[in-house]
């Protein structure tokens with residue numbers, strides 16, 4: 001048995017190692033300043049509180065025997081209840097039956113892809129869009145087309161093509177988007193809902209960075225606006241994906257989908273077939289700490305990340321040559337940089353690592369159908385201000401010399 | 001947005017609520033003796049040891065910041081290393097690169113289905129077979145055909161049909177099979193490998209109950225036999241799926257696939273797209289306790305489950321009327337009962353719950369292509385001997401009256 005390739009399904013051709021992943025290896029090289037990752041700073045983790053929560057669950061014999069046992073696929077009742085109450089408090093009445101617990105929001109995207117996409121059908125994403133969403137959806141072999149947004153105003157009718165028919169859903173990260181840092185305005189959100197209403201398609205709202213706003217005013221969630229239009233969450237067309245990975249910690253792998261209970265019911269069956277359920281003990285621990293820690297962590301981490309964002313924006317302004325532009329995110333982890341069109345950021349990366357000791361992610365990684373090669377993503381989440389200033393200075397120097405060649 | 005049905009992928013038609021799941025609701029009714037579930041007895045869980053392990057990981061600031069952070073998709077290095085060493089100790093030299101960590105063995109099956117099955121292709125399973133495997137594979141829309149086994153001796157050539165071509169892989173649970181309790185002999189394992197060699201197809205060995213042997217002699221794993229034939233694990237055709245769900249506890253959701261590194265590498269990419277990684281903290285905790293707890297739990301739980309198995313076999317022998325037969329498992333949780341052909345166990349279940357206060361799983365749930373309706377699965381894992389004797393007595397009484405009608 002040597003030729004495994006010959007045994008794989010057709011979809012295996014779309015499972016390839018991501019550039020981002022290979023780059024993350026750069027993290028382990030101490031001499032490289034990495035703006036490539038998108039992970040939270042572990043020095044900000046609420047370690048003592050998490051230790052206390054595990055001890056409390058496992059210290060109570062009755063709760064321990066539940067925490068270590070199988071549970072139900074939809075999620076532990078206490079966590080579903082907390083998430084439903086939290087969504088209700090934020091203005092969208094929501095019941096536990098509107099909630100499915102997943103292994104982080106990545107599994108939320110995989111489960112949605114599995115339920116909605118047959119091979120050859122069309123999914124709408126931004127250009128650029130979140131790489132993880134494309135990786136999840138690729139397993140179900142879609143075509144991609146571009147979701148209307150600030151930079152694309154195609155009419156709904158133009159999406160009723162002969163190839164693959166009407167799109168299956170639109171995917172969007174409305175807050176502090178990965179990779180652009182962009183936040184959709186209220187008007188843009190309403191236009192997106194108008195578009196989805198006109199086509200009668202579901203929208204997937206991916207919202208991992210929601211609690212990480214450093215400036216500007218919060219805009220209502222897409223699911224909130226959709227539920228208001230439809231007369232309630234059960235009649236709305238939005239599936240909202242969330243996670244504790246950025247609001248508390250990522251290592252427990254707990255996220256969720258909130259949406260109309262009819263769709264949630266079917267997603268539960270897909271989740272059950274995929275892995276039975278998310279870790280019981282991790283769900284119980286997060287249900288215990290969520291009420292306190294989501295708020296206290298937001299207070300704790302926002303000033304730190306805000307200072308890093310500001311340091312990166314200031315360094316870009318101080319050092320980048322004319323012709324380079326970048327986004328100014330109100331939250332999240334990412335800044336999206338556009339270089340002059342003739343500079344290929346994928347080709348530049350090797351030089352950046354070798355000559356400037358700086359890692360970033362080339363923009364081409366974020367286009368489902370291939371796209372601009374002169375953009376790049378910077379993350380400011382795990383680097384202190386001085387290191388950011390130095391690293392951006394070196395990167396800007398490299399860009400200057402590339403422009404002079 | 002009311003018609004969600006119209007938005008789903010084709011595969012959604014194969015995602016339906018399982019009979020087993022609805023039956024599990026019976027668990028919560030105190031007046032019913034349930035032989036329906038297949039879960040471990042939580043009174044046997046190593047709660048103190050698990051509490052100590054979480055405290056140790058989170059009590060060390062350096063380990064805590066790793067445990068609460070994102071990790072790599074293939075699994076935490078310490079856990080991969082322990083599993084590779086354990087497989088090596090058992091006679092099959094294995095490296096960490098031969099191991100992928102999954103969310104229990106259910107996700108192992110889902111990931112294998114995703115990598116190997118395109119719509120309409122054929123997968124070989126037993127008749128009956130494990131329901132969870134069929135649920136996982138169904139998402140990828142296979143046809144099913146029957147894997148040769150003790151009761152089926154079709155030639156390899158008979159599987160090279162015009163519909164769907166050669167099968168993609170064969171799936172089997174060689175030890176204490178769910179639902180039959182059956183264990184394949186060494187000769188049967190070798191015949192299965194001969195068959196797979198002749199067709200040149202992979203075999204998936206699902207081995208959740210391996211540590212739960214109560215009598216008889218251990219038989220070499222399928223992957224061990226295959227690696228011996230092929231000259232090493234990297235050249236063999238078996239993907240071995242394991243889990244801590246029965247050897248330690250299920251609530252952490254940690255399992256694995258062990259196999260040739262070429263296939264494991266591709267499975268890692270599928271796992272990454274599905275949910276990035278399995279919970280870091282749960283992997284680290286299990287890596288810490290596995291060396292001690294896998295062995296000590298086996299010592300602790302075997303006598304308890306053995307006594308329950310023996311009580312159920314004795315009660316069946318004492319109470320069941322002539323014409324009823326059953327398997328005598330050497331381990332695991334299940335006994336497979338065959339009633340006279342005209343008794344439909346699905347129809348009988350409602351009466352069993354109402355008149356005999358006994359729950360079981362009708363055999364029809366375990367046939368991928370539909371099958372015998374006069375069989376049923378009994379589990380002895382969570383019921384004490386006296387309750388087993390009483391419950392089997394009442395069930396036998398019901399079978400007697402059904403036969404007399």
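Check the range A:355-378 and report whether any residue there is assigned to a helix (DSSP H, G or I), more than 27 Å from residue A:243 (Cα to Cα), in the same structural domain as residue A:400 (by TED's automatic domain parsing) and over 19 Å from the mean Cα position of the chain (by Cα).
Looking through the range A:355-378, at least one residue is assigned to a helix (DSSP H, G or I), more than 27 Å from residue A:243 (Cα to Cα), in the same structural domain as residue A:400 (by TED's automatic domain parsing) and over 19 Å from the mean Cα position of the chain (by Cα).
So is residue B:212 within 13 Å of chain A (Cβ to nearest Cβ) and either buried (at least 24 other Cβ atoms within 10 Å of the Cβ) or on the phi > 0 side of the Ramachandran plot (or both) or not?
Spelling it out, it is not the case that residue B:212 is within 13 Å of chain A (Cβ to nearest Cβ) and either buried (at least 24 other Cβ atoms within 10 Å of the Cβ) or on the phi > 0 side of the Ramachandran plot (or both).
Here is a check on your reading of the model: is residue A:329 at pLDDT 95 or above, in a loop (DSSP other than H, G, I, E, B), farther than 28 Å from residue A:174 by Cβ and not assigned by TED's automatic domain parsing to the domain that holds residue A:248? So that I can check it myself, show each step before the final result.
Values: at pLDDT 95 or above: yes; in a loop (DSSP other than H, G, I, E, B): yes; farther than 28 Å from residue A:174 by Cβ: no; not assigned by TED's automatic domain parsing to the domain that holds residue A:248: yes.
Here the answer is no, as residue A:329 does not meet what is asked.
For residues that are surrounded by fewer than 20 Cβ atoms within 10 Å (Cβ to Cβ) and either more than 10 Å from chain B (Cβ to nearest Cβ) or over 20 Å from residue B:15 (Cβ atoms) (or both), tally how many sit in the range A:58-81.
Kept after step one, since they are surrounded by fewer than 20 Cβ atoms within 10 Å (Cβ to Cβ), are these residues of the range A:58-81: A:59-63, A:65-66, A:69, A:72, A:77-78, A:81.
If we keep only those that are either more than 10 Å from chain B (Cβ to nearest Cβ) or over 20 Å from residue B:15 (Cβ atoms) (or both) too, we end up with A:59-63, A:65-66, A:69, A:77-78, A:81.
Number of matching residues: 11.
What's the total number of residues in the range B:240-251 that are within 11 Å of another protein chain (Cβ to nearest Cβ) and touching a helix residue (DSSP H, G or I) at 6+ places or on another chain (Cβ under 6 Å)?
Going through the range B:240-251 one residue at a time, the tally reaches 5.
Check the range B:261-279 and report whether any residue there is farther than 19 Å from residue B:71 by Cβ and either away from chain A (no Cβ under 11 Å) or at pLDDT below 95 (or both).
Checking the range B:261-279: not a single residue is farther than 19 Å from residue B:71 by Cβ and either away from chain A (no Cβ under 11 Å) or at pLDDT below 95 (or both).
Do any residues in the range A:1-22 that are closer than 26 Å to residue B:141 by Cβ have Cβ atoms under 9 Å from those of residues that are outside any helix (DSSP H, G or I) and at pLDDT below 70, where the two are at least six apart or on different chains, and which pairs are they?
Between residues of the range A:1-22 that are closer than 26 Å to residue B:141 by Cβ and residues that are outside any helix (DSSP H, G or I) and at pLDDT below 70, the close pairs are A:7/A:1.
Could you list, in sequence order, the residues of the range B:36-51 that are more than 9 Å from chain A (Cβ to nearest Cβ), more than 16 Å from residue B:304 (Cα to Cα) and modelled with pLDDT of 95 or more?
B:49 - this is the single residue of the range B:36-51 that is more than 9 Å from chain A (Cβ to nearest Cβ), more than 16 Å from residue B:304 (Cα to Cα) and modelled with pLDDT of 95 or more.
Specify the residue that is surrounded by the most Cβ atoms within 10 Å (Cβ to Cβ); the eligible residues are those in the range A:186-208 that are more than 19 Å from residue A:112 (Cβ to Cβ) and away from every other protein chain (no Cβ under 13 Å).
So the first thing to find is which residues in the range A:186-208 are more than 19 Å from residue A:112 (Cβ to Cβ), and the list is A:186-191, A:194, A:197-198.
When the remaining residues are screened for being away from every other protein chain (no Cβ under 13 Å), the result is A:186-191, A:194.
On the way: A:186: 11, A:187: 10, A:188: 17, A:189: 22, A:190: 15, A:191: 16, A:194: 13.
My answer is A:189.
Filter the range A:260-283 down to residues that are crowded, with 24+ Cβ neighbours inside 10 Å and farther than 29 Å from residue B:112 by Cβ, then give me how many there are.
1
Looking at the range A:365-384, is at least one residue on the phi < 0 side of the Ramachandran plot, surrounded by fewer than 19 Cβ atoms within 10 Å (Cβ to Cβ) and modelled with pLDDT of 95 or more?
Within the range A:365-384, one or more residues are on the phi < 0 side of the Ramachandran plot, surrounded by fewer than 19 Cβ atoms within 10 Å (Cβ to Cβ) and modelled with pLDDT of 95 or more.
From B:292, B:346, grab the single residue that is part of a helix (DSSP H, G or I) and either on the phi > 0 side of the Ramachandran plot or at pLDDT below 95 (or both). Spell out the reasoning first.
On the way: B:292 fails: either on the phi > 0 side of the Ramachandran plot or at pLDDT below 95 (or both).
Sole residue among the options that is part of a helix (DSSP H, G or I) and either on the phi > 0 side of the Ramachandran plot or at pLDDT below 95 (or both): B:346.
If only one of B:285, B:254 is touching a residue at least 60 places away in the same chain (Cβ under 8 Å), under 15 Å from the mean Cα position of the chain (by Cα) and at the interface with chain A (Cβ under 10 Å from one of its Cβ atoms), which one is it?
Going through B:285, B:254 in turn, just one is touching a residue at least 60 places away in the same chain (Cβ under 8 Å), under 15 Å from the mean Cα position of the chain (by Cα) and at the interface with chain A (Cβ under 10 Å from one of its Cβ atoms): B:254.
In contact (Cβ under 8 Å) with a residue 24 or more places away in the chain, within 17 Å of the chain's Cα centre (by Cα) and over 24 Å from residue B:282 (Cβ atoms): is that true of residue B:120 in this structure?
no
Can you name every one of the strands (runs of 3 or more DSSP E) wholly within the range B:70-150 that holds 2 or more residues which are in contact with a helix residue (DSSP H, G or I) (Cβ under 7 Å, 6 or more places away or on another chain), assigned by TED's automatic domain parsing to the domain that holds residue B:289 and modelled with pLDDT of 95 or more?
Answer list for the range B:70-150: B:99-102, B:122-125.
Being within 14 Å of chain B (Cβ to nearest Cβ) and in a strand (DSSP E or B): is that true of residue A:170 here?
For residue A:170, the condition - within 14 Å of chain B (Cβ to nearest Cβ) and in a strand (DSSP E or B) - is met.
The values are calculated or read from the model by the stated rules, or taken from the named source; none is laboratory data. Nothing here was measured: the structure is a model prediction, and the numbers come from that model. Positions of Cβ are backbone-derived with ideal geometry, glycine not excepted, and every protein chain shown enters the neighbour counts.
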